[in-house]
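Shown next, in structure tokens, is the structure this report addresses.
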Amino acid sequence: MTYKSIVAFIIAIGFSFPVIAQQSAIYTDNLATYQKGITLFNNQQYRAAQSLFREVKKHTTDETIQSDCAYYIANSAVRLNQQNADQLIEDFVKDYPTSTKRNTAYVDVANYYFDNSKYAHARKWYKKVNENALARSERQKFYFNNGYTAFLTKQYKDANKYLRRVESSKEYGAQAKYYIGFMAYEGDDYDEANKYFDQVSHQERYKEKLSYYQADLNFKLGNFKKAIELAKAKLASSDRNEVSELSKIIGESYFNLKQYDEAIAYLKQYKGKKGKWTNTDFYQLGYAYYKQKDYENAISEFNKIVNGKNAIAQNAYYHLGESYIHLNKKQEALNAFKNASEMDFDLKIQEDAWLNYAKISYEIGNPYQSAPQVLGDYLEKYPKSGHSEEIESLLIDSYITSKNYKEALVLLQNKRSFESKVAYQKVAFYRGLELFNEGNFIEAEGLFDASLKEPRDAAYTARATFWKGESDYNLSSYEDALVGFKQFENAAEAKSTPEKENLEYHIAYTYFKLKKYEQATTYFSQFVNKKHQDNIRLNDAYLRLGDAHFVTSQYSKAIHAYAEAIRLNEIESDYPTFQKAISVGYAGDSSKKVNELERFIADYPKSKLRDDALYELGNTYVKLNNTNRAMKAYNQLSNEYRMSSFVPKALLRQGLVYYNANDNQQALLKFKKVAGDYPGTPEAVQAVSTARLIYIDLGEVEQYAQWVKTLDYVEVTDLDLDNTTYEAAEKQYLEGDVDKAIREFNDYIHGFPKGLHALNAHFYLAQLYYKKGLPDNAATHYDYVVQAPRSQFTEEALTKLSQFYLENKNWKQAMPLLQRIEEEASFQHNVIFAQSNLMKANYQQENYGEAVTYADKVLQQNATDDKVKSDAHIIIARSAMKTGNEAKAKEAYKEVEKVATGETAAEALYYNAYFKHKAGQFEKSNEEVQKLAKNYSGHKYYSAKGLVLMAQNFYALKDAFQATYILESVVQNFSEFEDVVSEANEVLAKIKQEEAKTNASIETED
């Protein structure tokens, strides 16, 4: 080196000394600050330390120092619970991948969280630790801590892995064994649990904890006596929750040892999980009570088992049924056995439950299925049962006792045994009787025929013969009816039947309808000469006896019969009083007839026969040549009864009186009024005919011709053709040739639409179409008669036409016709017909007030039969329910029950139960529902509604099982009744929601 170079070097060195000195000072300061940060960190002054580390990291260029600072900054953040602490650790690891503190960071953070009981956080960081990088001295702590955090977070696989690595450790071994044992206990590995618990049971710190688990383990291992010993020893030092669990262990251990009396007290002390018992808990206590024959308490526990679907539930329901049987609660037992029979966890229990279910169904009825169906299903399911013979016997009898004849017929169709044929004969008979009472006479007759085809029991053969005759009678087949009644009369077995009592009455009526009045009087006389309790029927028999004598001109006998009817006075006495007066006249005492008619007119101002009486009075006065009084009677009739069919007759009579008195002008006035006001009637035709004679006498034929032209129903030039055509059609009608008569009457109406006999032709044509089963065709012609002026045909036409509209539910067209019948009818039975159907029509139209008004009218009629009375009471009841008047409905349904049959009776019985439920009489309400199930199971709608009511009754009686089971059965078995199923689901949801508060086995929908 040259001198110049050396000098330059020295100069350079001299200039660098201040820079090096400056850097050395900074480094020394950072190192001091760093060391101060370490001191603060170790003294747990993390915030101050963190601040210093940040300062150092900011100014140092030493990567190692920066790395360490980042480590301490992140570690301090963890201890200060800063939000970005985890991210700072992650950033440290990412930014300084070669740092020796990388693994230490994970361990330190994990340990910190562990020491502060933040085990889930600790678990997260322990997972990141590289255990191979740990020093041997650090590993045991890592294994235990990691295993313990896994245990607490229920990651038992990892917990086992790490804890087993330290189970031999002096420091951690005991704890590890305890937790390994606990995990085995939780995993139902009781032998493994016992092994580990035994290894630490001598240590004081675990003794207290292990006493419960060891008691439970012994219980689960079947060491029940040991379990009882351990659990009882622990009871005194236990808190409330532990007492509950220990009591359960003791109680269930005694239960398994069949020491039920000892079990009960401890089972009762169990409080459940989170205050809820399971179905198994209820079963054990219930069964313990059952074995002690404490059936009330057994039921109380068993019936809390809701929605059970396992072997325990099946067993519970079976013993619930048994408990109910011991207390004679058969309806409740029915449901319990039915439920047990539907489960197949234990086949023996299932079969026994089936047997009990079938027997009880026979005894008390079954609201879900008919008793025959249940019994038949049992025999089909268990054909080799030792009880087959007994059940077969019950099955045969059940076809009758169940009263569900419709379904029983289906079940009996293909049965071939003698007993089944006997049952079929009876069931067909009773089903026919049901249909007859419902007014379905055609189908009823078919069932009576079916019964007669199996003549196994002579008494039922006789009865079916009678009721077939009754069906024929109601179908107007009087000849066939008479044959049936005579066959019945000649049957030896008829004497012992209830139908024999009134046989003469029925035969008499049939002869009466056949217009064989001599035979009718014979049988009516036989009937009235008997002693009868039924005065209404006796009263009616005297009326018809009087009529038969009257028609056969035996007026003295008629008078006597009518007098007897008046004396009984069970049926409105206006008719016999009127008929008696007429009979007196025909017997030749016109003066007495006048007196009786005048008395009748005064005594019966509202009688439907008063217009008849006025007309007859006028006629009698004419016969007595007292024309003034005759004219007065006729005028009174015309003024007071303008719509009466007797008005045109009276006017015609007045005209004839004037004509016979040669007062032609007054006569013409009357005849012209009849012809003009009552066109087409027989009276109008006669009036025109007699007026013609007057005009001829007066020599005013031209005036007659001009007048007749104003009458569009008189065609003078076609008069002979009109009469001839009509008479030809009428001849076919009288001879009974229906098809020819229909054809010729139609020809007449077509040829003479306004002919002299148009009214008669339309009426007879309507009758023929009706008889032929063509009601639509008949209706047109009945309508013609109804629209025409009142005649002798009007009343029947009104009745038949209104009936046509009623059958088609055309209430609006039927109601005006019914109102006319009520006002105009001469026959009381037609008035009742009108009022009863106005009652029904108003109800259908939601005119509930009017419906009740007509129902009251019907009930005031003495001659009303039980069926019509029942209808009236049911309308009152239903209307009251619709308008919220339940008090009135309750009274009306009571009346319905007295007289109703079939579905109406089922409805009344349901509401009887309903009102008892409303009054809080839950058990009595259930008794009514049981009657409904037994006697009216064929009427499914009310059976279903009754079951929903029964469920509510049971829940009010704290029987949740019965309530929920019944409701679920309704939902499953009665889907055709949407309103009932909807109500059942609603009630069921409420009950389950309430029961779920104390029963952990019940799942509810949110």
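Just tell me, in residue order, which DSSP H segments of the chain are both 27 angstrom or longer along the helix axis (alpha-carbon based) and at least 0.0 in mean Kyte-Doolittle hydropathy. Helix filter hits for the chain: 3-42. Across the chain, Cα pairs under 8 Å and at least six residues apart give a relative contact order of 6 percent. Helical content of the chain, expressed as a calculated mean residue ellipticity at 222 nm, amounts to -24500 deg cm²/dmol (DSSP H runs of 4 or more residues, -39,500 (n - 2.57) each, divided by residue number, nearest 500).
For the stretch 498-572, the calculated P(r), taken from all Cα-Cα distances in 10 Å bins from zero up to the bin holding the longest distance, is 23, 55, 21, 1 percent.
Take every Cα pair under 8 Å whose residues are at least 6 apart in sequence, average their separation, divide by the length of the stretch 498-572, and the relative contact order is 27 percent.
Rank-order 606-617, 573-584 by packing density, defined as the average count of other C-beta atoms within 10 Å over each peptide's residues, highest first. Don't skip to the end; give the middle numbers.
Working: 606-617: 21.5, 573-584: 23.2.
Packing order, densest peptide first, comes out as 573-584, 606-617.
Going through the cross-link list K127/K170; K36/K57; K867/K894; K495/K530, which pairs have a Cα-Cα distance over 18 Å in this structure?
On the way: K127/K170 25 Å; K36/K57 14 Å; K867/K894 15 Å; K495/K530 15 Å.
Listed pairs above 18 Å: K127/K170.
Charge dipole of the chain (Cα centre as origin; +1 on each Lys and Arg Cβ, -1 on each Asp and Glu Cβ, all else neutral): 4360 debye, rounded to the nearest 20. Sorting 916-925, 948-957 by average packing, meaning the other beta carbons within 10 Å per residue, from highest down gives 948-957, 916-925.
Take each peptide in 413-422, 828-837, count the other Cβ atoms within 10 Å of every residue, and average; sorted highest first, the result is 828-837, 413-422.
Add +1 for every Lys or Arg and -1 for every Asp or Glu among the other residues with Cβ under 12 Å from the Cβ of T64, and state the total.
Working: positive: K57, K101; negative: D62, E63, D68.
Here the charged neighbours net out to -1.
Rounded to whole Å, give me the distance from the Cα center of the stretch 303-354 to that of the stretch 925-940. Taking the Cα centre of each part, the stretch 303-354 and the stretch 925-940 sit 22 Å apart. If you add up the charges near A613, with Lys and Arg at +1 and Asp and Glu at -1, over every other residue whose beta carbon is less than 11 angstrom from its beta carbon, what do you get? Local net charge: -3.
Close amide H contacts of G938 (hydrogens built in the peptide plane, cut-off under 5 Å, sequence separation of 5 or more or a different chain): none are found.
Just need the relative contact order of the stretch 283-345 here, percent rounded to a whole number, with Cα pairs under 8 Å and 6+ apart.
Working: 74 pairs, mean separation 19.4, N = 63.
Computed over the stretch 283-345, the figure is 31 percent.
Given a cut-off of 24 Å, name the pairs among K195/K226; K426/K468; K632/K672; K258/K338 whose C-alpha atoms lie farther apart than that in the structure shown. It would help to have the intermediate numbers written out before the result.
Details: K195/K226 16 Å; K426/K468 14 Å; K632/K672 20 Å; K258/K338 27 Å.
From the list (K195/K226; K426/K468; K632/K672; K258/K338), the Cα-Cα distance tops 24 Å for K258/K338.
We did not get these values from a lab; they are worked out from the coordinates using the rules stated. Values in this document were obtained by computation on a predicted structure and should not be read as measured data. Methodologically, a virtual Cβ is constructed for each residue, glycine included, from the backbone with ideal geometry; neighbour enumeration extends over all protein chains shown.
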